[in-house]
Structures are given as C-alpha cells and as structure tokens.
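So the structure is just underneath, and the comments pick up after that.
The values are calculated or read from the model by the stated rules, or taken from the named source; none is laboratory data. Since the structure is predicted, the reported quantities are computational estimates derived from the model, not experimental observations. No Cβ is skipped: glycine too gets one built from the backbone with ideal geometry, and neighbour counts run over all protein chains shown. Just the protein is used for accessible areas: all its heavy atoms, side chains included, with ligands, DNA and RNA removed. Shrake-Rupley method; radii C 1.70, N 1.55, O 1.52, S 1.80 Å.
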Amino acid sequence: MMVSRRPIEPLAGCVQTLWASERGPRAHRREINLPTGCVDLVIPLRDGQVLRRWAGDGSEGEHFHGAVLHGAHDRATQRDTTEASSVVGVHFKPGGAAALFGGALRTLRNRSVSLEDLCGPAARALRDDLLETAGLRARLLRVEAWLMARLALSKPRDELAAQAVEAMLRNPAVNLIEPLRRASGLGPTRFVARFEQHVGLTPKRFARVLRFHALVRSVALARPVDWALTAAEAGYADQSHLIHEFRHLAGMTPTAYVPLESGKPEHVAVQSERKNMQYGRQRPAYDEP
C-alpha cells in the first residue's frame, strides 16, 4: 500500500510529493530507476531494514541504515526488491531541495548520503518519531512538519537559477541554456555554478535528464512506438541520437524499455540475472515508490 500527499505552502514550492509505503517482497528481484534530475529523501522504518544498492553487474553496493538523501542523478540506478519494505519519502521539485540542503547538492550528484551526516541528531529523531507514529498518512504529516521547521530557517532561494529551471521545465525539448545564460547577465562559469548549486546538476546535465524524462513519460503511454518520430518530437537530432542518450541515461536501448506501469515510467523491472546483464553497469538506488 502506498499513499501520497502534496505538501502545504510554502513547502509546496520545494516538494513535489510526500509519500509513504508498506509492501511485501515483489516478484522481480531488482528494479531499475531512471533519472529524474531531482533529489529524494528516503526514510526506512522496518526493523533491521537495510537499503541495498546494486552495481548492476551482480555485485553488492553500499548499505545504509536510517534516512538517506539521494542526490540528483543523471544515470539510471538499481535497487533490490526481494524484501518487505516500510518507507517514508520526499520527492523534491527540481531545485527544491536547495532550500533545505543547498550547500550539499553539488557534492551529491550521482551520490547518496546518510541524512544524519547532513542534519545530525535531528535526522535520527525524525526517524524515531515516525517509528512511533501509526498510519501512513500520519507519518506524512510528521515529515511535513519536520520539513516546514527546516524551511523556516532556510535562506531565500536563488531566483535567477529558479527562473532558469522553470523555463527549462516549460520547454524540455528545446535547448535554452545559452539564451538563459545571456539573459542572466552572468558569464558561463558563474551561471553554471549558480545553477548547479540550486539543482545539483549542471545546466547541460539537467537539460539532458529533463528531455529524457519527458520522452519516457510520453512513450510509457504508447505502444508500439515510432522511435524516429518520437526522436524528432522530443528534440533529438535523429533516432541515433535518441538511442545514444537512452543508453547513456538509462543503460538500455529504447526497445528494451518496458515500464512497470504507465503511471510510473521511471521504474523498470529486472526479471532475471541474464536479462539484468543487458543493462550494463549501473549505479545503485534506494527503495522508492
């Protein structure tokens, strides 16, 4: 079972959704998570639960106990799905996590860290509170209150970087980086630094993920897919360009992409070890909805 909630203002300006889930083991052993360019906070609650990260070649990756902040990624990741899970999470909007964890975002690209390393004992206290809270919806309210308290102490957001992100979100198929840089009045180095500080990815990396994310959301609802036409509509130079980006960002070919659900286009099941090998070496991920 999973429930989600859109947070109250002003937190809604930073967070896309709060979610909580409880489930048993899944039929597939592992799951590929495609990059979104966003930051996620994941808090496991099950006693003894370990969030396993998998490298994609069968080797075991990092282990974390307690809450984890999952930085913005521009690569696909994998997670183990063979054990029961009880998790509370926060999916931030692009650039939204800067208000709460701004100083750390640049160092978290394609990485994840213990929330306690960033926030100290407050992170452990949050998890303890959630363990004592009955009901998924009640847990969401507890996390929301914790985030609101942190937000009240945050610095104002970087409006220049935020406006650049919003412009890119409106037109994911169009390369707007240089026009936005010129409009900002900043030099290339300074523009990139401010954007990366706000998002966790450079403008170029974020634009690639954004275009790819828009692509998979569109094809998840359509079968069969005319990949040549899709490439043109999504802003790729041609079908070969799309295939290259698919391999680079997802670790698979476009034709190998079959989402678990049309409503969850970022999630792809790995049905077997043999099939898993076709995806190549992947960086790991965490238990997400």
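Some points to look at:
- Within the range 238-253, the residues that satisfy the criterion of being more than 17 Å from residue 205 (Cβ to Cβ) and open to solvent by 10 Å² or more (accessible area, probe 1.4 Å) are 238, 239, 240, 243, 253.
- Selection within the range 199-224 - at pLDDT 95 or above and part of a helix (DSSP H, G or I): 199, 203, 204, 205, 206, 207, 208, 209, 210, 211, 212
- Test: residue in the range 89-108 that is closer than 21 Å to residue 30 by Cβ, among the charged types (D, E, K, R) and at pLDDT below 95: no
- Here the range 240-272 is the region considered, the condition is being out of contact with any Lys or Arg (no Cβ under 7 Å at 6 or more places or on another chain), assigned to a loop (DSSP other than H, G, I, E, B) and not small (Gly, Ala, Ser), and the residue that is farthest from residue 215 (Cα to Cα) is 271.
This table checks each residue for (1) in contact (Cβ under 8 Å) with a residue 12 or more places away in the chain; (2) more than 30 Å from residue 161 (Cβ to Cβ).
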{"site": "201", "(1), (2)": "yes, no"}
{"site": "207", "(1), (2)": "yes, no"}
{"site": "212", "(1), (2)": "yes, no"}
{"site": "218", "(1), (2)": "yes, no"}
{"site": "225", "(1), (2)": "yes, yes"}
{"site": "236", "(1), (2)": "yes, no"}
{"site": "240", "(1), (2)": "no, yes"}
{"site": "251", "(1), (2)": "yes, no"}
{"site": "266", "(1), (2)": "yes, no"}
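- For the range 197-208, the count of residues that are farther than 20 Å from residue 71 by Cα and open to solvent by less than 70 Å² (accessible area, probe 1.4 Å) is zero.
- Checked against (1) at pLDDT below 95; (2) farther than 30 Å from residue 11 by Cβ; (3) in a helix (DSSP H, G or I), residue 237 passes all but a single condition, namely (3).
- Count - residues of the range 106-147 that are more than 21 Å from residue 85 (Cα to Cα) and over 21 Å from the mean Cα position of the chain (by Cα): 4
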